[in-house]
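One structure is given below, encoded as structure tokens.
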Amino acid sequence: MVLMTTTATTTTPVVGFDQVSKTYGDVRAVDGLTLALHPGETVALLGPNGAGKSTALDLLLGLRQADSGTVRVFGSSPREAIVAGRVGAMLQSGGLMDEVTVAELVRLACDLHPKAYPLTEVLARADIAQIADRKVNKLSGGQAQRVRFALATAGDSDLIVLDEPTTGMDVSARQSFWATMREQADQGRTVLFATHYLEEADAIADRVLVLHRGRLLADGTAAEIKAKAGARKVAFDLDGEIDEAPIRELPFLTSVDISGQTIRIQSTDADATVHALYGLGVYPRNLEVAGLGLEQAFVAITAAEEAKSK
């Protein structure tokens, strides 16, 4: 069940999935997926391994065909939108041409795009002008990722699709990359990215989609998803020898971590848990109660779904 939905808009969706399913043998990679993306949104696509993220992106880009349901991009088929130059993509799968320079490869992408940017602009935006004369097979992992980004943004596309875009980049390169992506969104483009770096989704995305076993499990802002996870963090210190049994039996707990004198727990009713804690006759020091971070909320939501399916 989807936890929340974004406000409807009267404009034609940038991307529309309507009851889309895709099966590989006995595995249903995408299961009745329905969603819509709108202009100017920066959308993070999250999910555990095998959730269907890559398959959903492949369907969006016309690299695979749905078994049922429809996928529309700017109101037309994915292929039509891509041929028109409205979609730029940076994918994990697929290699880069080896025996060419960075500039030659990016120039080819510019030549093929119906609304291409100047080569120098594309190289500068991706921060690869300084390695333009280097052979592609001599690049580091982070440099290769920036080249893939240059290929995805070689022209004036309205939708940019990124699959794990910052893998292999150092912290500085990641910050620069997302600053560029924010500029793209500010100009009215839609940015859709799949990532395992949940702190990126929390900091960058206007909207977060959580996939689980091919179904849309949650859809909303990062703050909404954290609030809807149904748990809060409680942390405190105890002096002396700790009797773990009564701590672990506190009401409404979803997780317990005891490390030395520090106890960290998650509770679906933090007020009741803290009240019961004082009822044990202990004195918790440095007591902190806070909402879950996006990563913890993501784990809580997907774990709850796994428990329901058993």
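The values are calculated or read from the model by the stated rules, or taken from the named source; none is laboratory data. Only a predicted model underlies this, so the values are computations on that prediction, with no experimental measurement involved. Every residue, glycine among them, receives a Cβ derived from its backbone with ideal geometry; neighbour counts consider all protein chains shown. Protein only, heavy atoms only, side chains kept; ligands, DNA and RNA dropped before computing areas. Shrake-Rupley method; radii C 1.70, N 1.55, O 1.52, S 1.80 Å.
How many angstrom lie between the C-alpha centres of the range 237-277 and the range 146-189? The two parts, judged by their Cα centres, are 43 Å apart.
In the range 46-142, Cα pairs under 8 Å separated by at least six residues give a relative contact order of 21 percent.
Computed over neighbours whose Cβ is under 9 Å from that of K22, the net charge equals -1, Lys and Arg +1, Asp and Glu -1. Taking one quarter of the surface of the convex hull spanned by the alpha-carbon atoms of the range 38-89 gives a direction-averaged projected area of 4.2 nm². Computed over the chain with a Gaussian network model linking Cα atoms closer than 10 Å, the most mobile of L37, L211, L119 is L119.
Remark: relative contact order (the chain) = 20 percent; criterion is Cα-Cα distance under 8 angstrom and separation of 6 or more residues.
Normalising by residue count, the chain has a Cα convex hull of 159 Å³ per residue. Both radii come from the Cα set of the range 152-286: Rg as radius of gyration, Rh as Kirkwood radius; their ratio Rg/Rh reads 1.15.
Separation of the alpha carbons by more than 32 angstrom is noted, of K22/K228; K115/K226; K22/K135, for K115/K226; K22/K135. When the Debye formula is applied to the Cα atoms of the range 12-159, each taken as the same point scatterer, what base-10 log of I(q)/I(0) results at q = 0.16, 0.20 Å⁻¹? After summing over all Cα pairs, the log10 values are -0.93, -1.19.
In the context of the full set of protein chains, residues of the chain present 49 Å² of accessible surface per residue (probe radius 1.4 Å, heavy atoms only). Other residues with beta-carbon under 14 Å from the beta-carbon of E80 carry, at +1 per Lys or Arg and -1 per Asp or Glu, a net charge of +2. Of all beta bridges DSSP finds with both residues in the chain, what is the antiparallel percent, to the nearest 5? Within the chain, antiparallel bridges account for around 70 percent of the total. Overall, the accessible surface of the chain at a probe of 1.4 angstrom is composed of carbon and sulfur to the extent of 49 percent.
The ratio of the alpha-carbon radius of gyration of the range 89-236 to the globular-protein estimate 2.2 N^0.38 Å is 1.18. If each Cα of the range 135-175 is one equal point scatterer, what is log10 of I(q)/I(0) from the Debye formula at q = 0.19, 0.25, 0.31 Å⁻¹? Rounded to two decimals, the profile gives -0.59, -0.90, -1.11.
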